[in-house]
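Report on one structure; see the data block that follows.
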Amino acid sequence: MNGAARLGVSEVGHKCRGGYMHWTPEERFQIAQVCSALGPSLAARELSKKFRKKLSKSTVRNIHKRYMETVAKTSGLNMQASPTSPPPLTTPLQYHHDY
């Protein structure tokens, strides 16, 4: 791999891809809560407007899934993540990031 490819630039000088969005724990909490209430499609559409950042359905689903896993671990329950039965929480949880 040449130096340009490592920097995210193709050999003709075009950028290969954009950067990843970074979401704060508070934003992640809001995304998970809205996804639980409205579903991933509507949550992505509405929160993209609110945050003024592009938010895909896939990102919403992944954040919601991680949120549900975190809730299950912290509550001591062994439950599957389900958008139809969210737990009633009112504060953000500390997310574990694998970056």
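So if each residue of separation counts as 0.36 nm, and I subtract the Cα-Cα distance between Thr24 and Leu42, what length gain in nm does that give? Please list the in-between numbers first.
Numbers: separation 18, 0.36 × 18 = 6.48 nm, distance 2.03 nm.
Between Thr24 and Leu42, full extension yields an extra 4.5 nm.
Quick one: putting +1 on the C-beta of Lys and Arg, -1 on the C-beta of Asp and Glu, what dipole do you get for segment 23-75 around its Cα centre, in Debye to the nearest 20?
On the way: 12 positive and 4 negative charges, 52 e Å.
Using only the charged Cβ atoms, the result is roughly 240 debye.
Under the classification rounded if a/c is under 1.5, otherwise prolate if a/b is larger than b/c and oblate if not, where does segment 23-75 fall, given a ≥ b ≥ c as square roots of the Cα gyration tensor eigenvalues?
Details: a/c = 2.19, a/b = 1.72, b/c = 1.28.
Taking the square roots of the gyration eigenvalues as a ≥ b ≥ c, segment 23-75 is prolate.
In what sequence do His64, His22 fall when counting other Cβ within 10 Å, fewest first? Numbers along the way, then the final one.
Numbers: His64 24, His22 9.
Ascending Cβ contact count within 10 Å gives the list His22, His64.
Along the charge dipole of segment 23-75, which of Ile31, Thr59, Val71 sits closest to the positive end, that is, farthest toward it, with unit charges on the beta carbon of Lys, Arg, Asp and Glu (+1, +1, -1, -1)?
Thr59
Here, each number is a calculation from the coordinates, and none is a lab measurement. Note that the structure is predicted; figures quoted are calculated from it, not measured. Backbone-built Cβ (ideal geometry, glycine too); neighbour counts: all protein chains shown.
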